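> Below is one structure. I have some questions about it.
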Amino acid sequence: MEAGAQDHIVRFENVQKSYDGETLVVKNFNIDIDRGEFLTMLGPSGSGKTTCLMMLAGFEPATHGEIYLNGQPINNVPPHKRGIGMVFQNYALFPHMTVAENLAFPLKVRGMSKADSDAKVKRALEMVRLPQFGGRRPAQLSGGQQQRVAVARALVFEPDLVLMDEPLGALDKNLREEMQFEIKHIHESLGVSVVYVTHDQSEALTMSNRIAVFNDGIVQQLAAPEVLYEQPENSFVAQFIGENNKLSGTVTAVDGETAQVTLKSTGDKVAALAVNCGGKGDETLLSIRPERIIIGDENAPNKMSGKVVELIYLGDHIRCRMEVGDSNEFIVKVPNSHAHAALKVGEVTPVGWVTEDCRALDMI
Amino acid sequence: MKSMLTLATAAAALTVVSAAQAEDMTIVSWGGAYSASQQKAYHDPYMAMHPDVTIINDESSAEAVAKLRAMSEAGNVTWDVVDVVAADAIRLCDEGLAMEIDPDTMLAPAPDGTPASKDFGDLLVSECFIPQIVYSTTFGYRTDVAEWGGKTPEDICAVFDTDTFPGKRSLEKRPINNVEWALLCDGVAPEDVYDVLSTPEGVDKALAKLATIKDDVVWWSAGAETPQRLADGEVVIGSTYNGRLFSVIEEQKQPVAMLWDWQVFDLDGWIIPAGLPEARLKRALDYIYFATDTQRLADQAKYISYGPARKSSAPLVGKHAELGIEMAPHMPTDPKNAVHTLLYNYEWWADNRDDLDAKFQAWLAN
Amino acid sequence: MSDTTAQSGPMLAADGTPLKVSLARALRRQKLRALMLIAPLFLFIVITFLAPIGDMLFRSVENAIVPDTLPETVAVLADWDASSEEAPGEDVFTALHADLLIAAEEKTHTRLGSRLNYEMPGISSLFRKSGRKVDDMTPGNYKEQFIAIDKDWGNVDVWRTIKRFSGDYTAGYFLASIDAKIGHDGFEFVDEDQRIYLFLLWRTIVLSVAITLTCTILGYPVAWILANLPLRYSNLLMILVLLPFWTSLLVRTSAWIVLLQQQGVINDTLVAIGLVDDLNRLELMHNQTGTIIAMTHILLPFMILPLYSVMKTVSPSYVRAAKSLGANDWTAFWKVYFPNTVPGIGAGAVLVFILAIGYYITPELVGGTSGIFISNRIAYHISSSLNWGLAAALGVVLLSMILILYWVYDKIVGIDNVKLG
C-alpha cells in the first residue's frame, strides 16, 4: 500500500455531476469510504446514488470535483484500469459465454495463464456454491444462480473494491433475503470493500456498515443503520427509513436540547428533542416512531388524545391507526400482551411519548 | 428473381381488375414525346369524332411482347391496339398473339385510290403488322470535342476510328445493327453483310471489329441514354433513334450533330391482339382505319421527326408544330440523309437473334 | 373426481368421454379459429405467389408444344436413326405435311418454329416459310416438295433437333442454363464463345457477397449510433436511413448516374480540388464499382434495420461489465459487444444477399457490361426473347443457389443465430 493511501479506499471530494448543463443531479458530494467497509447508497430513484456509483466505476465523468481511489485521483483513469469489480442490476452476464468463460473473462484480459485462471474460476464457483455449473450458459440458470455468478465474476480477479448496483432488484422476496445474507457473508469472509446501491431501506439496514441516504442530489445523512433509524437528522431521513409519525407545529422555545412546540391543529404544547428545528417561531415537524408511542396511559408525558380508526392484527403486535391532531395516519404499534387492554375502533384514548423519543425536525 | 418470375402473371392478374369498359379503348405505346405525338395526331381527333369513346394510354410497349403473352395465357387480353416495333410484331404474329390484317380491306386506301397494300409496299413486313412510321437508328456526335482538332465524322467508320476521333462511344447493348456496322467498316460489301454473318467466322469477324473499340464503349439499353450521355459529355458519339437526336439538337439546342451514314431503317406500327371480343375488335379496327390513313400519318410528323410509313404521306409532311422548322430535312427518308442505308433484316434476325445474342452477351461479359 | 381417478383405464372427463378426446374437442375450435385467421393470407400466397412460381418453374422442363403440334411426325420420326447422315424418308415428310396443314390452319407452326429456333437458329423462318406454302402442295413426293421450299428440310441437323426435342419434357433449358447441351455425342458444354450463364452466376454471387460486405461495414456503425443515441435524435436519424425507401428505385439509380458518371458530380469535385486529372477521370460506373456503390446504397437499410433492432436488445451494461472486468474498449467491443450483434449481422446479410442476387434494374443501368447480374439475362428472356423456359430454368438455378448458400450458412453460423430483433 502506498504511503498516501491512508485507510480510506475511496474519497469523493466536492463532486458534482450534471448531464444537461442546467441542473445538478449530484450536488457537492463528499465521502470517505473505509477499507473493508460495506457502504450503501440509499435513496429514491433519481436521487443521484447510481450516478455516484457510475462516476466511481468510471462510466460517467464527474462534472466537478475529484474522486480518489487508494489515495490516487482517478478522474482520468479509464474504467478498465481502475480494477474495481462491479455487479450490475441485471447481472450483465455475457450471454454468448458459459458461466466458466464469464468468470475467466477478467482473468484472460489480464493475461493470466489458463491453468491459474481455471483454478481461480473453480474456487470462485465453489465460493458461490455453483461448482457444477461452469459449462452452462447464463440463460440456463435461475435468477438467483445468475446473481451468484455475477458476484463471483466481480470478485474472481480479487479487486479491493466491489460496486453493486441494485443487484437484488430482480429477485423475489425470499431469494432476496437469502442473497442479502450471502453477500454479507462473502463480504465478511473476503474483507473486500463494497459500495452498494439500493432503494430498499430494509436491504440497506440489513447489510451495511454505513448508509448514505441520498435525496435530490444531496446526502441527507451518512451514518450507521441504527443511528439512521434512531436519530434521523431531518424529516426526509425519518420518513425514508422505517415507519414514522409526523405532527407539525411551531417552536415556542428552545431550551438546550429540548424544544417546546405548540401543535398546529390542536394547540397542545409538547416537548421534543431540538434536532433540526431552528429557533423560536419556526415551523417544525415532529417525528416519533410508532413503537415508541405510549398508549392508554393517562399519566404519560406529552399526552394528547387520539381516536382509533383502524386495527390490524399482526400476531406479535397490533397495528393501530389513529386520528391524532391533524394526522389521521398516526400509527401506533401495540405489543400483543396482557399488559395492554384490547382497543376498539372509535375509542378515544390518550397517547403520549417520552421527550427523548420525539425529534423536532425541519419542515419538508 | 421471384419478382421476375411472378412479373408476367402478376401483370395478367392485375389487369383483371382494370378490365376495359365498353366505351374505353386501351392503346399501348412507348410514352414520352412519341405518345404525345400520337395523342395530338390520332387520339384527339378520333375522340372528337367519337365522343362516346375514351382512349386510355398505357405506356407498356417496351414489355408488350411479354405482357401480351401473359395476358393471352391468362385468357384476358385488356389491350385493344398495341404500338410495337416490327421485330416484336413478327414475334407476336409467330406466337399467335396478334391478329392477321388484310391491308386492302381493313386499311384506308391512299387519297388517289391506291390500295393500302401498295401504299405501304415493302413495309408490310408481317401479316399482323400495320406500319406507322419509319425511324432509323443512327449516330449523333458532339461538335465541340477539342481532341478531334476540327475534324468531324463523315462516315460510319468514324465510330471505329478512335485515333482520329478519340472519346467514349455509346452503343446499344445488343448485336443488332452493331455487327452490321462492324462488318461494313471491316471491308464487307453491304450486299454480303448477312451472308457473312450467317457463318460463325463472320460473327467472329464482326465481334473482333467491335473488340477494337470495346474499351471505349458505354452500352445502352434504353433509347434515352445516348441523348443524355451526349448532352452530359459522357460520350462523344453514340447511336440512338433519330427522333431522340432531333430533340437533343433542335429542341434542347445541344452541340450535337447527326451522322446519317448507314443509318438502319426500322419500322414501328400497330398490331391488334388476337382474340378480341367482337365489339372491341370493331372499335379497334375503326381506330386503325382512321389513324393510319394518309393525312394522319403525315400529321404525326409535325410533332416528331419520324417518317410516315405511307408513300402517299410524304408530300404532306410540313413544318414542326411548335418549332416551325421544316421537318422534311430531318426525316431519315430525306434523300440527303439516305445516301447509305440498311433496312433491318427482319427475317434474318428472327432466325438468328437468340443465337447471336448469346454470343454477343458472352463476348461482352468476358 | 374421486371415481375418475379410481379407474385404471384412460382418464375420463366428467361426462365419461376419455379426457384426451374431450381435450382435443375443446382445442379443435381454437385450432379451427386460428386456421380461419391465417386462411386469407394462405390463400393469397398460394394464388398469387406459389401457383405462379410453380407454373413458371414447370415451364423449365415443359416441352409439350413439339409433340402437340407435330403428333404424327414425332411418332414416325421415332423410327428414324438420328446417327444416320441422311434426312428421314418420305413417311416422315408425309406425316409432317399432315401435321403442318393442321398447324398452319391453327397458326401454331410459327410458335413451334420460335421454340425450336432456341435450339437451332433458322428453324423459325423454316416453319414460317413452309407454313405459308403447305396448302399449295400436291399429294405425294412430299420430301422433294419440302426441300424445294427450303433446302434446310434436307439438313440432318434440323431433324436431329426435332427428334431430340420431341418429348413432352426436356432437360434442354436446364442444360442451356449451365452453358451445356445434349449434342451429337451426349452431354457437352456449348462453344466457348457462347458460355455465359455459369460465368454470370458466379459473378452475381461474388458481387452480391461484395455488396453484403460493404453493407455490413457501412451499416454497422450507423446501426450502432442509432441504437445508442437518445430517442429523439435516433428517430431523426432513422428517418434518414429510411428515406431511400420513400423514393423510387429508378430515381435513386438515376441520382447515382448523375453522381458517378465521368462528367458527374464526384468526378467534377475531384477534378476541381485537383485530386484527379481532367483527362483521367475515374470510371465509377458502367462497371462493377458502379453496381456495388449503387446497390450498397439501395440495400443498406436492409442491413441497418435488423442490426439496429438486435443492437437495441444488447444491454449497454455488457460493455460496462466488460470494462469493469478489465477489458479495454476494443476487447470489450470485440469479445463482448460484437458477438452479441452477430445474429443481426446474420439476418441483415441474408436479407441483403438474397435481395442483391435477384436485382436487375440497378445493374442494368449502372453496371455496364462487367457489372450485370444473371437476373438481367432472366429479364431479357422473359421480356425480350420470350424464351420463358430458359428464364424459368435460370430462375430455378438461382433459387437452388440461394438454398445451397442458405444451407451452408446454417452449417457455419447456424440459422438460430439469425434475429430480426
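> For the structure I just gave you, tell me whether B:Tyr289 is surrounded by fewer than 21 Cβ atoms within 10 Å (Cβ to Cβ), among the aromatic types (Phe, Trp, Tyr) and closer than 30 Å to C:Leu116 by Cβ.
No, not satisfied.
> Sticking with this structure for a sec: Can you name every residue in the stretch A:93-107 that is more than 9 Å from every other protein chain (Cβ to nearest Cβ) and in a loop (DSSP other than H, G, I, E, B)?
Across the stretch A:93-107, the qualifying residue is only A:Thr98.
> Which condition number in (1) free of Cβ contacts under 8 Å to residues at least 40 places away in the same chain; (2) within 14 Å of chain C (Cβ to nearest Cβ); (3) over 18 Å from the mean Cα position of the chain (by Cα) is the one that B:Glu347 fails?
(3)
> Residues to consider are A:Gly111, A:Gly134, A:Gly144; find the one that is at pLDDT below 95 and either farther than 22 Å from A:Met179 by Cβ or outside the structural domain of A:Leu168 (by TED's automatic domain parsing) (or both).
A:Gly111
> Just checking: which of the helices (runs of 4 or more DSSP H) contained wholly in the stretch B:1-65 hold 3 or more residues that are away from chain C (no Cβ under 14 Å) and modelled with pLDDT of 90 or more?
Per the criteria, B:32-38, B:44-49.
> Being aromatic (Phe, Trp, Tyr) and modelled with pLDDT under 95 is the filter; apply it to the stretch B:273-313 and report the residue that is nearest to B:Glu250 (Cα to Cα).
Across the stretch B:273-313, the extreme among qualifying residues is B:Tyr303.
> Continuing with the same structure: Criterion first (more than 26 Å from C:Pro230 (Cβ to Cβ), in the same structural domain as A:Pro138 (by TED's automatic domain parsing) and part of a helix (DSSP H, G or I)) does A:Asn30 satisfy it?
Answer is no for this residue.
> Tell me the residue from B:Ala314, B:Ala284, B:Ala362 that is of a type in the set (A, V, I, L, M, F, W, C), assigned to a helix (DSSP H, G or I) and within 14 Å of chain C (Cβ to nearest Cβ), please.
B:Ala362
> On the given criteria, is A:Gly21 farther than 14 Å from A:Tyr196 by Cβ, under 24 Å from the mean Cα position of the chain (by Cα) and modelled with pLDDT under 90?
Judged against the criteria, A:Gly21 is not a match.
> Taking B:Met99 and the conditions (1) surrounded by 20 or more Cβ atoms within 10 Å (Cβ to Cβ); (2) assigned by TED's automatic domain parsing to the domain that holds B:Ala314; (3) touching a helix residue (DSSP H, G or I) at 6+ places or on another chain (Cβ under 7 Å), which numbered condition does it fall short on, given that it satisfies the others?
So the condition that B:Met99 fails would be (3).
> A follow-up question, please. If I filter the stretch C:403-417 for residues that are among the hydrophobic types (A, V, I, L, M, F, W, C), modelled with pLDDT under 85 and assigned to a loop (DSSP other than H, G, I, E, B), do I get at least one hit?
yes
> Would you please list the contacts, defined by Cβ atoms under 8 Å and residues six or more apart or on different chains, that run from a residue in the stretch C:128-139 that is touching a residue at least 12 places away in the same chain (Cβ under 8 Å) to a residue that is acidic (Asp, Glu)?
C:Arg128/B:Asp94; C:Lys129/C:Asp150; C:Ser130/C:Asp150
> Can you tell me which residue is farthest from the other protein chains (Cβ to nearest Cβ) among those in the stretch B:190-210 that are modelled with pLDDT of 95 or more and closer than 19 Å to B:Phe139 by Cα?
Among them, the one singled out is B:Lys209.
> Quick one: would you say C:Leu201 is in a helix (DSSP H, G or I) and within 12 Å of chain B (Cβ to nearest Cβ)?
For C:Leu201, the condition - in a helix (DSSP H, G or I) and within 12 Å of chain B (Cβ to nearest Cβ) - is met.
> Is it the case that the stretch A:43-66 has a residue that's assigned to a strand (DSSP E or B) and either surrounded by 22 or more Cβ atoms within 10 Å (Cβ to Cβ) or within 14 Å of another protein chain (Cβ to nearest Cβ) (or both)?
no
> Could you list, in sequence order, all residues of the stretch C:370-400 that are among the hydroxyl-bearing types (Ser, Thr, Tyr), facing chain B (nearest Cβ under 9 Å) and either touching a strand residue (DSSP E or B) at 6+ places or on another chain (Cβ under 6 Å) or part of a helix (DSSP H, G or I) (or both)?
Within the stretch C:370-400, C:Ser375, C:Tyr380, C:Ser383 meet the criteria.
> Do you know which residues across the stretch C:136-162 are more than 18 Å from C:Asp91 (Cβ to Cβ), away from every other protein chain (no Cβ under 14 Å) and surrounded by fewer than 16 Cβ atoms within 10 Å (Cβ to Cβ)?
C:Asp136, C:Ala148
The values are calculated or read from the model by the stated rules, or taken from the named source; none is laboratory data. None of the values given here were measured: they were computed from a predicted structure. Don't worry about glycine lacking a Cβ; one is built from the backbone with ideal geometry, like all the others, and counts go over all protein chains shown.
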